[in-house]
1. Within region 187-213, track down each residue that is in contact with a strand residue (DSSP E or B) (Cβ under 9 Å, 6 or more places away or on another chain) and farther than 24 Å from residue 128 by Cβ.
2. Considering region 14-42 alone, what residues qualify as being touching a residue at least 12 places away in the same chain (Cβ under 8 Å) and more than 22 Å from residue 92 (Cβ to Cβ)?
3. Scanning for something touching a helix residue (DSSP H, G or I) at 6+ places or on another chain (Cβ under 7 Å), farther than 21 Å from residue 218 by Cα and buried (at least 21 other Cβ atoms within 10 Å of the Cβ), does region 91-113 turn up at least one residue?
4. Quick one: how many residues across region 16-40 are in a helix (DSSP H, G or I) and over 20 Å from residue 73 (Cα atoms)?
5. Just one of 172, 184 is modelled with pLDDT under 90, assigned by TED's automatic domain parsing to the domain that holds residue 200 and out of contact with any strand residue (DSSP E or B) (no Cβ under 8 Å at 6 or more places or on another chain); which is it?
6. What about residue 147, is it touching a strand residue (DSSP E or B) at 6+ places or on another chain (Cβ under 7 Å), in a loop (DSSP other than H, G, I, E, B) and more than 30 Å from residue 9 (Cβ to Cβ)?
7. Name the residue that is surrounded by the fewest Cβ atoms within 10 Å (Cβ to Cβ), counting only residues in region 43-67 that are assigned to a helix (DSSP H, G or I) and free of Cβ contacts under 8 Å to residues at least 24 places away in the same chain.
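The values are calculated or read from the model by the stated rules, or taken from the named source; none is laboratory data. On a predicted model such as this, the values are computed, not experimentally measured, just so you know. Cβ atoms come from the backbone with ideal geometry, glycine included; neighbour counts cover every protein chain shown.
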């Protein structure tokens, strides 16, 4: 074991002085290697140099059973792979026993969405102040067009075409996409544009502005959504992405057109959009459980 410890020390010296890793990263590597060595000793393997593929697989499985998540296990495996690669460069090993081992995949977390009744309650804001008018236009546009927070904050006056009921958004990778804008959102934006000049600085091109007359920040938008969530008597947390998720889920539920939802959301890969099919299936499963004679629970 002493020899193995000296190799782990050489490895951390290599990371510190040659790779110039941070103290935080170094401590993570050391902790992972130490934990693995302790486990090996308890499982009749005296040296980390003698560990094989099966040892590592069993260690990962044991860690997973203790509740460690996929990302943590991936990091631990990365530490082992780096250590064994170091030993191979030192000609102490021929093969990396951690090379082909992958952590269990993390369960995909379904996006949190709002039902139509909750959205109606949220968006039913009286137009009794300029801020209320602006905020309703922002929220209507989020839900109408499925925009990301940054996309909405970056909209300019010229981004939207009220006659065509459309807007141009600049998404990830500086990609532009043309999006439809619904009737309710058009009405809310028209009302806001009638008041916008009372708030906006001269020559300010942003569609939505703050009380200072400049482009509204993403942080301010988040704060205003939280304000209206409380004001409208909603208990659940509401953030801009929840409105985007609701948009996607409701469109897919009504149309079943996954490719169209992909285009509307600006996803480069359709696998990103497919998460919403799980939401749609959940809805169908709930309907089935309530309606099917052989699925209903006896009262």
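1. Within region 187-213, 201, 204, 205 meet the criteria.
2. Within region 14-42, 28 is the sole residue that qualifies.
3. The answer is yes; a qualifying residue exists.
4. Total meeting the criteria: 4.
5. On the way: 184 fails: modelled with pLDDT under 90.
After ruling out the rest, the residue left standing is 172.
6. Working: touching a strand residue (DSSP E or B) at 6+ places or on another chain (Cβ under 7 Å): yes; in a loop (DSSP other than H, G, I, E, B): yes; more than 30 Å from residue 9 (Cβ to Cβ): yes.
Against the criterion (touching a strand residue (DSSP E or B) at 6+ places or on another chain (Cβ under 7 Å), in a loop (DSSP other than H, G, I, E, B) and more than 30 Å from residue 9 (Cβ to Cβ)), residue 147 qualifies.
7. Start the filter on region 43-67 by keeping residues that are assigned to a helix (DSSP H, G or I), which leaves 48-50, 53-65.
After this cut, where a residue has to be free of Cβ contacts under 8 Å to residues at least 24 places away in the same chain as well, the list is 50, 54, 58-59, 61-63, 65.
Working: 50: 11, 54: 10, 58: 14, 59: 23, 61: 12, 62: 13, 63: 20, 65: 8.
Among those that are assigned to a helix (DSSP H, G or I) and free of Cβ contacts under 8 Å to residues at least 24 places away in the same chain, it is 65.
Every residue, every condition in (1) crowded, with 22+ Cβ neighbours inside 10 Å; (2) more than 25 Å from the chain's Cα centre (by Cα); (3) at positive phi; (4) assigned to a helix (DSSP H, G or I), yes or no:
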site	(1), (2), (3), (4)
151	yes, no, no, yes
164	no, yes, no, no
177	no, no, no, no
189	yes, yes, no, yes
